[in-house]
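Structure first, then comments.
Read the figures in this text as sums done on the coordinates, not as results from a lab. Quick caveat: nothing in here was measured; it's all calculated off a predicted structure. Cβ placement follows ideal geometry from the backbone for every residue including glycine, while neighbour counts extend to all protein chains displayed.
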Amino acid sequence: MPCLFVDGVQKAFGGIKALDGASFTIEAGELVGLIGPNGSGKTTMLNILSGHLAPDAGAVALEERPVAGMRPEALARLGVMRMFQLTRVFPRMSTLDNLMVAGRALGLEQDEAERRAGRLLADLALAPFAHLDAGHLSGGQMKLLEFGCCFMVPPRIALLDEPFAAVHPTMKEIMAGFIRRRHAERQTFLVVSHDMPVIIELCPRTICMNAGKVIADEDTRAVLTDRAVIEAYLGEAAI
Amino acid sequence: MGSRARIELIVSLAILIVVALVPAFVANEYWRGVLIVSMVFAMLAAAWNLLAGYTGQFSLAPATFGMIGAYTTGLLAYHLETPPILGIPAAVVVAGLIGLVLGRIVLRLRGPYLALTTLSFAEIMRLVISNSIDFTRGDLGLNVPGLFQSRLAYYYLILGALAAVQLGLYWLLQTPVGLYLRAIRDDEIAAASRGVKVVWWKTYAFALSAAISGLAGALYAHFAQLISPELGLISQSGLIISMAVIGGLGTLVGPLGGAFLVYYASEFLRDFGNYQLIAFALLVILFARFFREGLWGLLRRPFERMRPAIAAPSPAE
């Protein structure tokens, strides 16, 4: 049973087809990269998978349950957790409370939520800032915090949109290490990133999108040498 | 939240205790009356603060729900001779239900659109009551039966209601609901993606805020014994908003302290008529721009400095 099944998803904004029949499958425990040039539909795909947009056509299934068009809070409760490209934390709540929101909303008891929040704060080197308002954290720390919010209750799949963008190398390493450890425990991930070295290092498999379609979906190294992928990034003339 | 909330609770209780002791020293009926009205305003400001300060929904109709509460018990008594013991709970329920409906209508509206829609709602409600002369007696005003002979009895009844509202809100904000409301205030999209039922909790905040306002309005109606559509004037809403903003938005102490300060000041400035509203409006702009947590935020600062937010790194966390 695939963890996530996406079949022929279409989404248009006015005359622009952001997604034009994109399909792929992710098995439980996989760590998959999602790449593609700007405007290829990666974020639109994540928005549909996390319920922030409804597809015009096509099917999305989470462990064989159709979920296309469900609302974000319902999907979060089904275990689809998502990190945004433009960081979203609760700026006037403490770092600890930011984690507690996710924990309590997903049904944890107070003690259990506090215990898990404490462990995540330690894992993500945020423990000293537990009682600081999240709005006063650095940009990288906010990313780490938002990342942590996805793991208060281990999700069925974590959708990470550019988690490493503009993040200090030390924090990038904290996050990558966390992803590797969780992947070893069979946590499923879909990671959107422009940072090819990180994708190569982290993701065994990569999906490449262009113009709303999946143009390559295989072993990461094979994807990066794929003719269609190079063409999408650099244009026909480069080949 | 922990220690910060506890300080707010202690200061709130201290204010309520001082208010409870005032009649022992102030025999003047007029000033006791001023305090009673201040307490009504404190409830209205606390209710609006739940919606605006904690949930981020800037409604411009706080006085309207007070008016709805006042007219609910007033009309029940006038037309059906319903006793206040049923009229006041009915006011809470009716105001709460209308708040729920308004909350559903404005669910997807934000910022200025939300403010304008609630403002229109406020004016519509006031005009409906003002023009339904056969039913409400319109601008002639509606006589409402009193509860007690003694002003002191009103004083302690309304103080009790205010204390219940204040403690109830403290309790509510300590539960996960407090987390959800503040999360919605800070970022609705992020709240939804962390699993918070945004639609549910926003509607809940609207309904609860309206119900508390309805209680305040109903108690005021039985105290004043004469109500008119002027209860729902925009200037009344402005007064409630200025109390919460000057006292401290998104804090428990703010609206409570702000209500007494602003209403007391407005009594002194009574001779200046509507000019007093200009003074409060300027203060609101000043506080909203420079001191977002109001007077209480300013008072709290020295304490916050003593307790640094960043702890020394300790693996024990």
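Computed from phi, the 3J(HN,Hα) profile of region A:136-142 under the Karplus parametrisation 6.51, -1.76, 1.60 (θ = phi - 60°) reads 9, 6, 6, x, x, 5, 4 Hz, with x in place of Gly and Pro.
As a rough guide to protection, the peptides A:64-71, B:256-263, A:127-134, B:72-79 ranked by mean Cβ packing within 10 Å, highest first, stand as B:256-263, B:72-79, A:127-134, A:64-71.
The mean number of Cβ atoms from other chains found within 10 Å of a Cβ in peptide A:72-80 is 4, as a whole number. For A:Lys11, the lysines whose Cα comes closer than 19 Å to its Cα, not counting residues fewer than 8 places off in the same chain, are A:Lys42, A:Lys213.
Taking every alpha-carbon pair under 8 Å whose residues sit at least 6 apart, chain A reaches a relative contact order of 27 percent. When the charge dipole of the protein assembly as shown is built from unit charges on Cβ atoms (+1 for Lys and Arg, -1 for Asp and Glu) and taken about the Cα centre, the candidate among B:Ala205, A:Val32, B:Gly69 whose Cα reaches farthest toward its positive end is B:Gly69.
Ordered from longest to shortest, the equivalent ellipsoid semi-axes for region B:2-305 are 28, 24, 19 Å, each the square root of 5 times a Cα gyration tensor eigenvalue. Taking every C-alpha pair closer than 8 Å and separated by at least 6 residues, the mean separation divided by the residue count of region A:5-94 gives a relative contact order of 27 percent. Which of rounded, prolate or oblate describes region A:132-234 when judged by the alpha-carbon gyration tensor and an a/c cut-off of 1.5? Note, shape of region A:132-234 comes out prolate. The alpha-carbon of B:Lys202 sits under 20 angstrom from the alpha-carbons of these aspartates and glutamates, leaving out residues fewer than 8 places away in its chain: A:Glu73, A:Asp97, B:Asp186, B:Asp187, B:Glu188. Placing unit charges on the Cβ atoms of the charged side chains and taking the dipole of region B:2-305 about its Cα centre, the candidate lying farthest along the positive direction among B:Tyr170, B:Leu181, B:Ser3 is B:Ser3.
For chain A, adding -39500 (n - 2.57) for each run of n ≥ 4 DSSP H residues and dividing by the number of residues yields -10500 deg cm²/dmol at 222 nm.
Counting only helical runs of four or more DSSP H residues, what would the 222 nm mean residue ellipticity of chain B come to if each run contributes -39,500 (n - 2.57) and the total is spread over all its residues? Only helices count here, giving -25000 deg cm²/dmol. Given axes a ≥ b ≥ c from the Cα gyration tensor, I'd like to know whether the protein assembly as shown is rounded (a/c under 1.5), prolate (a/b larger than b/c) or oblate. Judged from the Cα gyration tensor, the protein assembly as shown comes out prolate (a/c at least 1.5, a/b above b/c). Relative contact order of chain B, taken over Cα pairs closer than 8 Å and 6 or more residues apart, is 31 percent. Farthest toward the positive end of the dipole of region B:2-305, out of B:Phe135, B:Gln149, B:Tyr275, is the Cα of B:Tyr275, where the dipole comes from beta carbon charges about the Cα centre. Partner shielding of B:174-186 amounts to 5, given as the average count of beta-carbon atoms from other chains within 10 Å of each residue beta-carbon. When each of the peptides B:47-54, B:175-182 is scored by the mean number of other C-beta atoms lying within 10 Å of its residues, the order from highest to lowest reads B:47-54, B:175-182. Across region B:8-20, coupling constants 3J(HN,Hα) worked out from phi with the 6.51/-1.76/1.60 Karplus curve, θ = phi - 60°, read 4, 5, 4, 5, 4, 4, 4, 4, 5, 5, 4, 4, 5 Hz, and Gly and Pro carry x. Charge dipole (Cα centre; +1 on Lys/Arg Cβ, -1 on Asp/Glu Cβ; no other charges) of region B:112-197 amounts to roughly 260 debye. Under 5 Å between amide hydrogens, built in the peptide plane, is the criterion, and for A:Ala130 it picks out B:Ala311 among residues at least 5 positions away or on other chains.
For chain A, DSSP calls about 60 percent of its internal beta bridges antiparallel.
What is the dipole size for region B:2-305, taken about its Cα centre, with +1 at each Lys and Arg Cβ and -1 at each Asp and Glu Cβ, in debye to the nearest 20? The calculation lands at about 920 debye. Neighbouring Cβ atoms from other chains, within 10 Å of the Cβ of residues in A:116-125, number 1 on average.
Magnitude of the charge dipole for region B:171-303, about its Cα centre and with charges confined to Cβ atoms of Lys, Arg (+1) and Asp, Glu (-1), is about 440 debye.
In terms of its C-alpha gyration tensor, region B:75-186 comes out oblate, because a/c is 1.5 or above while a/b does not outweigh b/c. Evaluating 6.51 cos²θ - 1.76 cosθ + 1.60 at θ = phi - 60° for every residue in region A:114-126, the Karplus couplings come out as 5, 4, 5, 4, x, 5, 5, 4, 5, 4, 9, 6, 10 Hz, glycine and proline recorded as x. Under 18 Å of direct C-alpha separation, and excluding same-chain neighbours fewer than eight residues apart, A:Lys172 reaches these lysines: A:Lys143.
Per-residue packing, averaged as other Cβ atoms within 10 Å, sorts the ranges A:54-61, B:35-42, A:109-116 into the order B:35-42, A:54-61, A:109-116, beginning with the highest.
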